[in-house]
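Worksheet: one structure, shown below.
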Amino acid sequence: KGITSVDRVSLLTLEGASVIGGAEVAERFMGAMADADIDVLIITQASSESSITVVVPENQGKSALTALKSTFELELSRSNVGSISLTDNPMSIVAIVGEGMAMQSGVSASFMSSLAKANVNIRVIAQGSSERQVAVVVDGNDVSRALRAAHMAFTLSQTMVSVAILGGTGKLGSALIQQINSQKENLTKNLN
């Protein structure tokens, strides 16, 4: 597994009635991003189809907003699209990636739970269709706390320790080996 982040991203959201049932709206939305040469890092659509949000590099946010407002100018003037907005504050993507995630229940729950315990608010969630990546977007000020929380959730509980004892024939080495052997069952049971 790997845990990574992408800093300095923005959220661009289109909300409104015309999005409902709107495959055409999603097509026009993404077409506007492509025409403006915007790098879409994550896309998510509400299950109610009432909003679409994309994550774009922060330095492309204003261009993306302009492109979207131009594409949906008529719908905005008629109030068929409720709003098009761009986040003001810098955001960051935090992602966990790994082969071991596929078909493994509880990975997303562990990730989300670790962020909740660290008091990190999640703005967007996306999971790759291969089940080998889960990404969230958080406030840029929370990214360090989010990364630490994710590392604690996934690395500490999976840590393997190999112990090699050199010079275990003397008094100290023999005593250490005896102590480890006497704790073998407890170490296996409680610390895996």
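Assorted remarks:
- Candidates are the residues of region 86-100 that are open to solvent by less than 50 Å² (accessible area, probe 1.4 Å) and in contact with a strand residue (DSSP E or B) (Cβ under 6 Å, 6 or more places away or on another chain); the one that is farthest from Thr4 (Cα to Cα) is Leu86.
- Put simply, of Ile43, Ile52, Ile38, Ile84 the only residue that is out of contact with any Asp or Glu (no Cβ under 9 Å at 6 or more places or on another chain), among the aliphatic types (A, V, I, L, M), more than 17 Å from Val138 (Cβ to Cβ) and in a strand (DSSP E or B) is Ile43.
- If you go through region 124-142 and keep only what is within 14 Å of Val54 (Cα to Cα) and open to solvent by less than 40 Å² (accessible area, probe 1.4 Å), you end up with Val124, Ala126, Ala135, Val136, Val137, Val138.
- Considered as a group, the residues in region 5-24 that are open to solvent by 70 Å² or more (accessible area, probe 1.4 Å) and not in a helix (DSSP H, G or I) include one that is modelled with the lowest pLDDT, and that residue is Ile20.
- The conditions of being surrounded by fewer than 18 Cβ atoms within 10 Å (Cβ to Cβ) and within 26 Å of Arg145 (Cα to Cα) are met by Met112.
- Single condition Val97 does not satisfy, out of (1) touching a Gly at 6+ places or on another chain (Cβ under 7 Å); (2) more than 19 Å from Leu41 (Cβ to Cβ): (2)
- Considering region 25-80, the residues that are acidic (Asp, Glu) and under 20 Å from the mean Cα position of the chain (by Cα) include one that is least open to solvent (accessible area, probe 1.4 Å), namely Glu58.
- Checked against (1) in a loop (DSSP other than H, G, I, E, B); (2) under 13 Å from the mean Cα position of the chain (by Cα), Ser92 passes all but condition (1).
- Long-range neighbours under 6 Å by Cβ, at least six apart or interchain, first residue closer than 17 Å to Ala126 by Cα within region 25-41, second at pLDDT 95 or above and open to solvent by 20 Å² or more (accessible area, probe 1.4 Å): Asp39/Pro57
- Residue satisfying condition, being closer than 21 Å to Val56 by Cα and of a type in the set (Gly, Ala, Ser), within set Ser110, Ser105, Ser114, Ser144: Ser144
The values are calculated or read from the model by the stated rules, or taken from the named source; none is laboratory data. Note that this is a predicted model, so its numbers are computed, not measured. Positions of Cβ are backbone-derived with ideal geometry, glycine not excepted, and every protein chain shown enters the neighbour counts. Heavy atoms of the whole protein, side chains included, go into the accessibility calculation; ligands, DNA and RNA do not. Shrake-Rupley method; radii C 1.70, N 1.55, O 1.52, S 1.80 Å.
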